[in-house]
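The values are calculated or read from the model by the stated rules, or taken from the named source; none is laboratory data. Because the structure is predicted, anything quoted here is derived from the model rather than measured. Reconstructed Cβ throughout: ideal geometry from the backbone, glycine too, with neighbour counts over all protein chains shown. Heavy atoms of the whole protein, side chains included, go into the accessibility calculation; ligands, DNA and RNA do not. Shrake-Rupley method; radii C 1.70, N 1.55, O 1.52, S 1.80 Å.
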Amino acid sequence: MACMKLGSKPDAFHQQGQAWFCTTGLPSDVIVEVEEMTFHLHKFPLLSKSSLLERLIKNSDEEDTVIRLADVPGGAQAFELVAKFCYGVKIELTSSNVVCLRCAAEHLEMTEEIAEGNLIAQTETFIDQDVLHSWKDSVKALETCDDLLPHAENLQIIKKCIESLAVKACTDPNLFGWPMDHDAMQSPGGSVLWNGISTGARPRICSSDWWYEDVCSLSFPLYKRLISAMKSRGLKHETIAGSLICYAKQYLPGLDRRPNVAHGTLKNAPDEEQRHLLEEIDSLLPIDKGVASTKTLIGLLRTAIILKASPTCISNLEKRIGTQLDQAELEDLLFPTFAYSMESLYNVDCIQRMLEYFLAMDQATAAASPGSVSNGQSIASPSLMPITAVAKLIDGFLAEIAPDINLKLPKFQSLATAIPDYARPLDDGLYRAIDIYIKAHPWLSESEREQLCRLMDCQKLSLEACTHAAQNERLPLRVIVQVLFFEQLQLRTSVAGCLLVADNLDGSRPLRGGIGCSGEAGGWMTTIKENRVLKVGMDSMRMRVSELEKECTSMKEEIEKLGRGKSGWINMRKKFGLKSRLQICSALGNSVSEKQKVKSAKDAHEL
C-alpha cells in the first residue's frame, strides 16, 4: 500500500474523553467543535493554513473563540489529521485516508495562496502519482468515497479512480504484471524485484478474472459505474458477466454456499434491497448466449422468484436460460414453485416457458440455415444434438415430477408433447415417465391411461422397453397389444434382412471351376469365412426366435387369463388383424430352418 509522510514534529496531541488537547506549553485560545468532539487548539497554526478558519476566527469577537464545524467531510477523524498537519506533526497519507483529507482540505480552503505546500496540493499529488497508479490503492480509495459524497464526486476523485481501474481491467495483466501483488516491480529481464534486487522469480500468468473479488468490496452504485466504464472501453462480455455473477454471489443468498466476508454485505439486508440488486444485475448482464453458465442463471432465477422480482426480470432470466437449455442439468430444473398454491410441487410452468423459448430459437436457427429442410410439420435443425439433449432432459424432468400426486394430467401432457417427434430417437425415457405417473396416480380411468400412453410411439421403444411394457400390468391392454405387434414386426424385419444378406452372398459366390471373376485364390477363402460368419449369425437368430416363442407362449397365457370370460381380447385381435405371436415366431423359425438346410446343401455340393 502506498504511503506518503508529512510533517516532522512529534505528536503533541492527547485525548481526554470527547476532547483533544495540544500540549505545546501555551494555553489554548480557540475551541473547534466537530460532531461530538472538541479540539482545544491555537489560532495561529489554524489560520495560517485554512482560509475558512481564518475568516471564522477573525469574525469572532470573543477572547476564547469557539468555532463549530458541523459539515466537515470525514468528521472528527479527518479534522484530527488536518489539525496535526497545521501543527507540522508527523502524519501518513494512505489510500484509506487521503480522500477524506482531500475533501476536508477543500472544505477548509487549504490552498496554495494561503501557504505553500498546503494540504490540497499534497493530497492531490499523492492521489495522482501514487494511488491511481496502484490497482489495490485505487480500489481502497474508491471504497472510502461512499461516505464522502458529494464532495468526492465534485472533486472528480471517483471519476479518476474508476477510469484508472477500468484501464487496468481492460488491459492484458500479463503485459504489465499489475495484479502480481498488485504493485510488484520487474527487472529488465522480467524477474520480480524486491527492494530493487532481482529475486529470479518470474511473474505469474494472470487470467481475466483476477480483479473480480477486489471490486466486490465496492458499493453497488460505484460498482455499476465501474462496469459501465469497462463496457465503454470494450471489455469482453464474458468478462463483464463473470464479474457480475461474482458480485451477485457475494451479496445474494442461495447463489454461493461459501461464507461471505465482503464489506457491507447485503445477505442480511431486507428483501427489497436484495430484489433491487438482483434486478440491476439482470439489466447489466450482456444478452449474448453463453456469457454465464446455465446453472448460475437458474440460481438467479430461483432467487428472483423467492424475492418476488419484477415480471420483466423473471422473464429475462427465463429467456436467457431458454436459449441455452441444452446445457442445463436435471438437478438444476428441480426447484419448487415457492407459491402458496399446491397445484404442483415443482415449478412446471417456468420449465414450460423456458422450453418454449428454446424451441422458438431452434426453429429460428433452422429457418435461417441454408441447409434446413421442412418435414411437413416442423423445420429440422441443422444439428439435432441440442434439441435431442433437451428432449432427454425434459423426459428426465417428467420422470422426476411424475410421483407428485398434485400434478394434473393436462400439465404433464402439455410438457411431454412440446418436444417434437424428431427430437426423440427413442421413447424409452418418455415411457418411463408415463409408467411412473400411472403408478403414482392409480385413480386414473382407462381412457385417461390410454390418452397418456398415446404420448409415446411404440415403434420407438427399445427391446428392453418393449419387454418391460409387454409385462406391465398398469398399461391398457390395447397398448400392450401394440407393443407386441411392433416388436414382432421389428423381429420379422431383422430376420428378413439377415436372409436377404445371405442370398446376396450366395449369388455373388464365384464358381470353383470358373476362370473369370477375380481369378485370385484369396477370393474363395474370403467367401468361406463369410459363410461361416453367416452361419453363426443364423444360429444365433434361430436361438433368439426360440426364446421369443417361449416368451410369446407365456404372454399369451397371461393375456388369455386376463380376458377369459370377456370378448374384449377376441374383438381386439380381430380389430388389429394380428396372428398370435406363437404362430409368427414358429413360421419364422421354420423359415430359418429351411433356409439353413438349403445353404448346407449348397455348401456340401460346392465342396
> Hey, among S187, S191, which residue is open to solvent by less than 30 Å² (accessible area, probe 1.4 Å), in contact with a Leu (Cβ under 6 Å, 6 or more places away or on another chain) and at pLDDT below 55?
Replying inline: S187
> Inside the stretch 110-171, counting only helices (runs of 4 or more DSSP H) that do not spill past its ends, which hold 3 or more residues that are under 37 Å from the mean Cα position of the chain (by Cα), within 20 Å of P221 (Cβ to Cβ) and among the β-branched types (V, I, T)?
Replying inline: 157-170
>> Would you confirm, using the coordinates I've provided, whether L505 is open to solvent by less than 80 Å² (accessible area, probe 1.4 Å), among the hydrophobic types (A, V, I, L, M, F, W, C) and at pLDDT below 65?
In response: yes
>> Here's a check for you: in the stretch 1-22, which residue that is touching a residue at least 24 places away in the same chain (Cβ under 8 Å) and assigned to a loop (DSSP other than H, G, I, E, B) is surrounded by the most Cβ atoms within 10 Å (Cβ to Cβ)?
In response: A2
>> One residue is enough: does the stretch 465-475 have a residue meeting the conditions part of a loop (DSSP other than H, G, I, E, B), modelled with pLDDT under 90 and among the basic types (K, R)?
In response: yes
>> Can you name every one of the helices (runs of 4 or more DSSP H) wholly within the stretch 210-259 that holds 1 or more residues which are open to solvent by less than 10 Å² (accessible area, probe 1.4 Å), free of Cβ contacts under 8 Å to residues at least 60 places away in the same chain and of a type in the set (K, R)?
In response: none
> Restricting attention to the stretch 294-307, and to residues there that are open to solvent by less than 70 Å² (accessible area, probe 1.4 Å) and among the aliphatic types (A, V, I, L, M), which single residue is farthest from the chain's Cα centre (by Cα)?
Replying inline: L307
>> Among (1) closer than 27 Å to E153 by Cβ; (2) open to solvent by 60 Å² or more (accessible area, probe 1.4 Å); (3) modelled with pLDDT under 90, there is one condition S207 misses while meeting the rest; what is its number?
In response: (1)
>> For the stretch 308-321, check the following and say yes or no: at least one residue is open to solvent by 60 Å² or more (accessible area, probe 1.4 Å), in a helix (DSSP H, G or I) and β-branched (V, I, T).
In response: yes
> In the stretch 10-21, how many are at pLDDT 85 or above and under 14 Å from H42 (Cβ atoms)?
Replying inline: 2
> How many residues are under 14 Å from Q482 (Cβ atoms) and surrounded by 15 or more Cβ atoms within 10 Å (Cβ to Cβ) if we restrict to the stretch 458-471?
Replying inline: 7
>> Just checking, does the stretch 83-101 include any residue being acidic (D, E), assigned to a helix (DSSP H, G or I) and either without any contact (Cβ under 8 Å) to a residue 60 or more places away in the chain or open to solvent by 30 Å² or more (accessible area, probe 1.4 Å) (or both)?
In response: no
> All but one of (1) touching a helix residue (DSSP H, G or I) at 6+ places or on another chain (Cβ under 6 Å); (2) free of Cβ contacts under 8 Å to residues at least 60 places away in the same chain hold for P386; which doesn't?
Replying inline: (2)
>> Could you list, ordered by first residue, the pairs with Cβ atoms under 6 Å in which the first is in the stretch 414-438 and farther than 15 Å from E450 by Cβ and crowded, with 19+ Cβ neighbours inside 10 Å and the second is among the hydroxyl-bearing types (S, T, Y) and at pLDDT 90 or above, at least 6 apart or interchain?
In response: A423/T388
> Among K295, K308, K319, which is basic (K, R) and on the phi > 0 side of the Ramachandran plot?
Replying inline: K308
> Is there a residue being of a type outside the set (F, W, Y), free of Cβ contacts under 8 Å to residues at least 24 places away in the same chain and on the phi > 0 side of the Ramachandran plot anywhere in the stretch 23-33?
Replying inline: yes
